[in-house]
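Here is the structure we will look at.
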Amino acid sequence: MSTVQRIVLLATAAFSTALGGAMMQAQAPAAKTLWDGIYSEAQASRGNQVFSSTCTNCHTLGAEGNRPLSGQKFWDSYAQKTVGDLFNFMQKNMPNGQGGSLSETTYADLVALVLKSNGVPAGETELVPSAVATIAIIPKDGPVALPDGTLVRTVGCLTKGGAGWTVTNATVPERTEKTGTTPADATRPLGDKTMELKFVMGRLDANAGKRMSVTGLLIGVGGADGINVSTVTRVADTCP
């Protein structure tokens, strides 16, 4: 085989490999969303039977009444959360005082029922917790702002504003389960928000212009009126 023939064969093989990779990438299925039918109608029906016999003393499936499981309260409670979070909460806490007393399949049926009660459509396959754990709970029209009083974390640049403090170039507030910093706070990409810091305990002057991680309770929807600060911690000396 001549040198020219070898070059042609190598070029052809490289092209075929690249083309095959591009075709595989193009044909890869899109990730499922909440609105792609992640539970079955039969599953929600089974969940309804369990709900009627086990859950009605504490909850209602409607948007009103005793501890409602649908409507705006549901969407607010699960903003920035996943189907896995919903399943885990039910499994850990329900029935009241008897968390974990039902089978995994039964908890999955109840999750299907709650989703149906919130207008999420059924599909052809059963909801399997491990398969849908990372699917975000987002309304059909798109994400909702976190409600007033949600414990959140944001990272930004500490700035003095009048008599108070703000963080500028701040990340969108993220729901958190505990106060304090995370290892990613020192390097995560910053955003374009400005968040007012309210009820700050202690002096922050030495940290002006530094990158800070802030946790606290939102004041107003989405933190429109600031954050009731729990912790404010320097995570880097330069900012942004």
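Computed from the coordinates by the stated procedures, all read-outs in this text should not be read as laboratory data. From a predicted model like this one, the values you see are computed outputs, not experimental measurements. In this analysis, Cβ positions are derived from the backbone assuming ideal geometry, glycine residues included, and neighbour counts consider all displayed protein chains.
At most 15 other Cβ atoms within 10 Å and a DSSP loop assignment: could you name the trypsin sites (Lys or Arg not before Pro) in segment 157-190 that fit?
Passing sites in segment 157-190 are K178.
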Any chance you could run the full-extension gain for D237 through D76? It's 0.36 nm times the residue separation minus the Cα-Cα distance, nm to one decimal.
54.4 nm
For the chain, the helices passing both cut-offs (Cα extent along own axis of 24 Å or more, Kyte-Doolittle mean at least 0.5, full DSSP H runs) are 3-27
Count neighbours as other Cβ atoms within 10 Å of each site's Cβ, and list the trypsin sites (Lys or Arg not before Pro) in segment 70-159 that are DSSP loop with at most 12 such neighbours.
K140
Starting from 0.36 nm per residue, how many nanometres of slack lie between F89 and A208 once their C-alpha separation is accounted for?
38.9 nm
Eight or more residues apart or on different chains, and alpha-carbon atoms under 21 Å: count the Lys pairs in the chain matching that.
19
Quick check: residue separation of A63 and A31 times 0.36 nm, minus the Cα distance between them. What number comes out in nm?
8.6 nm
Got the relative contact order for the chain handy, in percent, Cα pairs under 8 Å and 6 or more residues apart?
17 percent
The cysteines in the chain that find no other cysteine Cβ closer than 4.7 Å to their own Cβ are C55, C58
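Above 26 angstrom, tally the Cα pairs of the chain and express them as a % of all pairs, no decimals.
Numbers: 15863 of 28680 pairs.
So the pairs more than 26 Å apart make up 55 percent of the total in the chain.
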